[in-house]
Structure formats: C-alpha cells, structure tokens
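I have placed the structure first, in the form of structure tokens, so that the comments after it can refer back to it.
The values are calculated or read from the model by the stated rules, or taken from the named source; none is laboratory data. The shown structure was predicted, so the numbers you read here are calculated from the model rather than taken from an experiment. Don't worry about glycine lacking a Cβ; one is built from the backbone with ideal geometry, like all the others, and counts go over all protein chains shown. To get the accessible areas, we keep the full protein, side chains included, count just its heavy atoms, and leave off ligands, DNA and RNA. Shrake-Rupley method; radii C 1.70, N 1.55, O 1.52, S 1.80 Å.
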Amino acid sequence: MTRSSDGPSNAMWGGRFAAGPDAIMEAINASIGFDRRLARQDIEGSRAHAAMLAATGILTDSDAESIREGLLTVLSEIEGGDFAFSTALEDIHMNVEARLTELIGEPARRLHTGRSRNDQVALDFRMWVRDQCDAADGALAALQRALLAQAEAGADWVMPGFTHLQVAQPVTWGHHMLAYVEMLARDRGRFADARRRMNECPLGAAALAGTSFPIDRHMTAQALGFDRPAGNSLDAVSDRDFALEFLSAAAICATHLSRLAEELVIWSTAQFRFVRLSDRWSTGSSIMPQKRNPDAAELLRAKIGRILGSAIGLFTVMKGLPLAYSKDMQEDKEPVFDAADTLMLSLAAMTGMVSDMEARPDVLRAAAATGFSTATDLADWLVRELGLPFREAHHVTGALVAMAEGKGCDLPDLTLQDMQSVNGGITEGVFDVLGVDNSVRSRTSFGGTAPDQVRARIAHWKGVLG
C-alpha cells in the first residue's frame, strides 16, 4: 500500500510555525475523512492546470508530462483502494500533491504555481456538485418514465380526487400519476438551472486576488467543461451559492417524493386498498403475521428531514461570512454529500416502488363514487342547462347533497322528484352528468382529467422523455 509522508509539521504552512499542530487541532482541522470524495475532480483540475501552465510557458512541457502521468497513477491508486490517506496532510489536495511528489519528485512542487487551495477546493467542489446535478436529472427522468407507464396503463381508470383528504371530484389514475410527472419536471428544471449558473470556473482566482503569473483562465475553464471563468476572484473563492442551490433544489425534490410516499402509505392501507406495493418494498411484523408494512415509503417520507437539515445547516454556515475564504467553509461538503446520497437513494427507491406497484381499478372506481363526488358536476349542469348563477346552483346542490345524506344514498340515487322538490326546473338530463365516468369525460379543458386530455399529455411527455 502506498503512503503519503506524515511529517512533524505540515509542509504547507510549517515554515510559519515552529511547532506542529496539537492532536485535537489536527483532528478538527482535517477534512480528508470526507473530502476524499473529491479525488477525481481534484486530479482532473490539476491536470488541466498543469496543461495550461505548460501552454503559457510557466511550466516546461517535460514537467507537465511528468505531472500528467503522475496524477493518472495517483488516481489509479485511489480508485483501486491502494492509497493511504493521511490526516496530517489535512485534505485531498495535499494528499494528492504529497503522493505525486513521492512519484515524480521536483516537478510536483511546481504544480501549485498560480493557484491556491482556495480556488482549488472551490473548483473541485463545484465540479462535484455539477456532476450531482447531472445524476439527479437522470434519476428524475427514470422516475418520470415509471410514473408515465402507470399513467398510460390507467389513463381512464376513475378514482377519487381529494382536497383536505376528503373526496372532492372524480379524476383518473392517469391524471394523478401525471401530476407527479409535472412536479418532477420542475425539479429537473431547478437542477438544470442551478447547473447553468454554477458553470463558471474559479480556478486561477488563487487565494482571493488572482495571480501575477500569466495564466490562461479561459483555457482551463474550457478544458474542464465550464462556460467561462468566474469574473471576480474574491467571489470565485468565497461563493457557495452552487451548493446552496443544489441543496434547495434537492429539498424541494425530496418534498415531492415525500408527498408521493405519503400517498402510497395511505393508499396501501386496508382502509383504502388503492394500491398493492410489491414484496420488494414491503416488510412484515415480528409479532403480527398479517402485516405488510410500506416501510420503504415511510422511510422516503422521512428523508426530507435529512435533506432539508443539510440545506439549513449550510445556509447557517454561510450567513455571516465576510469575503473571501474562511475555514467555516470546510463545513460545506458533508451536508452536500449526505443530501446528494440521500436524494439519489430516495429517487432509486421511489422509481422501484412506482414501477412495481399494482393499482386496483375496481377499488378506485368504487371509491370515486362515494362522498358526493359529482356534486360539482350537478352545480355546473344547473348553470349550463337552467341558467342559474353559480352561487345559486351551489346552494341548490348543497341542499340536494344534504337530502341524499339524510336518505343515506348518493346523488345519482335520488329520484327526479326528490331533485325537483328543491328546484322544479331540474330534468331527467341531470342524470347524464352524475355518473363518475361522465364526470371525468366532461373535464376536457387543457390539463384536465378527461381520458383524452390525459392521453394527450402522456404523448407529450413521451416525446419529451424519449
């Protein structure tokens, strides 16, 4: 196993201090326990920096080539699990540089020309978060496709739509599934928007003021896939907006997942029986043999707490920091790492649950016919056919609902005579709108629940998702 050297004092700043760091100071100061996750980005950034130094004549071509080959060796050791990380060297940057020095000697000591750990960590972290935006987008698209498959299977399955968790109006299963497709599209838009805004390269800002070396920041920005170099060196090293935006987008996305998880928990109960979650995503009880617990959905429902906590934690770290860099910013990575891991796990689990779940169209349909769900259709009919003002139609419908409730029946079960006792203008035609199928078919406005509208929206999303 290769090992980076641990001296009695840190070579980065040992010239300024006579004694080495206290063990507790070393422990609180070190970040290698978590920022080793930035190894690939750190090495990629260093390779681009070395190539630029050679192109501008700051570094010889032979030194740049030695650095390039040495960094590839370091990356291979890290990815192969053959690299011994040193806490004494504090972070991923110095661990990589120390090992590079062991491998190639003097050229490694020239690599840091024209940069600082401040712009180096800003670069590495920004590139890592950028990668997470791309990963989140792919996972969200996979979940959208799973929801789209459910929507297509049940484009005309009637189910109750709820407000206040009370039966409101009939909708279709496909329409309900598509609601989450739309939500997730906004999540994808937020990650894409955050990615676009973070795609400015901080490398070359150095500690905070730029550098006197004739570096080419546009070259390194292009090599690393950025749109441009960051325009202000102070801002470049102190900016963590990209991390805050990622966490904000992740928290909103997790909120959407939590809402869907809550519905799956409710829908899978014996009282609802709208869906059956597969055995892959359910557990049993240690004492009650009849139980099928939706544990995966319940855990997803709770994951928002971790992600939101990460966001609040980083906002708190950043809220009082003066320009430019402060060591407080070392606390930026762990919450982002945890939030990203939690989000990706949650998206994968939700995609699995949605793909496997079985809706029960017969149960959905029976539930849609309860709770006077076609009351609004009746009110609309009174406006359309009898010319009543909507408020008066609302009053008449309310009286008919009260009558049906008193008789222990639903609106379609009232007789024409019952209805005419409240308003004599009501005709037999009213029964054409009181069935749940008629109700959903009538909702033909754009974005409505009518099966034809649902199928049109499915076609739209198929085109978007490919």
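Among DSSP beta bridges whose residues both lie in the chain, state the antiparallel percentage, nearest 5. Of the beta bridges lying entirely in the chain, close to 70 percent run antiparallel.
By the helix-only formula, in which each DSSP H run with n ≥ 4 contributes -39500 (n - 2.57) and the sum is divided by residues, the chain has a 222 nm mean residue ellipticity of -19500 deg cm²/dmol.
Only protein heavy atoms count here; under a 1.4 Å probe, Y325 has an accessible surface of about 70 Å². For K319, which lysines qualify as cross-link partners when the Cα separation must be under 23 Å and same-chain residues fewer than eight apart are set aside? Filter leaves K327, K333.
Near the amide H of M159, within less than 5 Å, lie the amide hydrogens of V171, T172, W173, all on another chain or at least 5 residues away, with H placed in the peptide plane. Rounded to the nearest 10 degrees, the angle from helix 241-267 to the longest Cα principal axis of the chain is 30 degrees. Using heavy atoms of the protein chains and a probe of 1.4 Å, the accessible area assigned to H218 is about 130 Å². Converting phi to 3J(HN,Hα) with the Karplus coefficients 6.51, -1.76 and 1.60 and the offset θ = phi - 60°, the range 169-176 yields 9, x, 9, 10, 4, x, 5, 5 Hz in sequence order, with x at every glycine or proline.
Counting only aspartates and glutamates at least 8 places from K407 when in the same chain, those with an alpha carbon closer than 16 Å to its own are D418. The Cα-based radius of gyration and maximum Cα-Cα distance (Dmax) for the range 370-465 are 15.8, 54 Å. Shape annotation for the range 23-113: C-alpha extents along the principal axes are 42, 27, 21 Å, from largest to smallest.
Of interest is the spacing of the C-alpha centroids, which for the range 375-437 and the range 223-280 amounts to 45 Å.
In summary, the convex hull built on the alpha carbon positions of the chain has an orientation-averaged projected area of 30.2 nm². The share of alpha-carbon pairs in the range 285-365 lying farther apart than 19 Å comes to 59%. Axis of helix 451-465 versus longest Cα principal axis of the chain: the two differ by about 10°, to the nearest ten degrees. Here's the list of aspartates and glutamates a cross-link from K303 could span, going by alpha-carbon distance under 13 Å and ignoring same-chain residues fewer than 8 apart: E262, D295, D338, D341.
Nonpolar atom fraction for the chain, defined as the carbon and sulfur part of the 1.4 Å probe accessible area, stands at 53 percent. The phi-based Karplus calculation (6.51 cos²θ - 1.76 cosθ + 1.60; θ = phi - 60°) puts the 3J(HN,Hα) values of the range 107-115 at x, 4, 6, 8, 4, 7, 4, x, 8 Hz, whole numbers, x for Gly and Pro. How far is helix 295-318 tilted off the main Cα axis of the chain, in degrees rounded to 10, range 0 to 90? Once rounded, the angle reads 50 degrees. Neighbours of D410, meaning other residues whose beta-carbon lies under 14 angstrom from its beta-carbon, give a summed charge of -2 when Lys and Arg score +1 and Asp and Glu score -1. Across C409, C253, the residue with the most accessible area heads the list, and the full order at a 1.4 Å probe is C409, C253. Under 5 Å between amide hydrogens, built in the peptide plane, is the criterion, and for N293 it picks out T283, G284 among residues at least 5 positions away or on other chains.
Residues whose amide H falls under 5 Å from that of F372, counting only those 5 or more places apart or on a different chain, are L411, with hydrogens built in the peptide plane.
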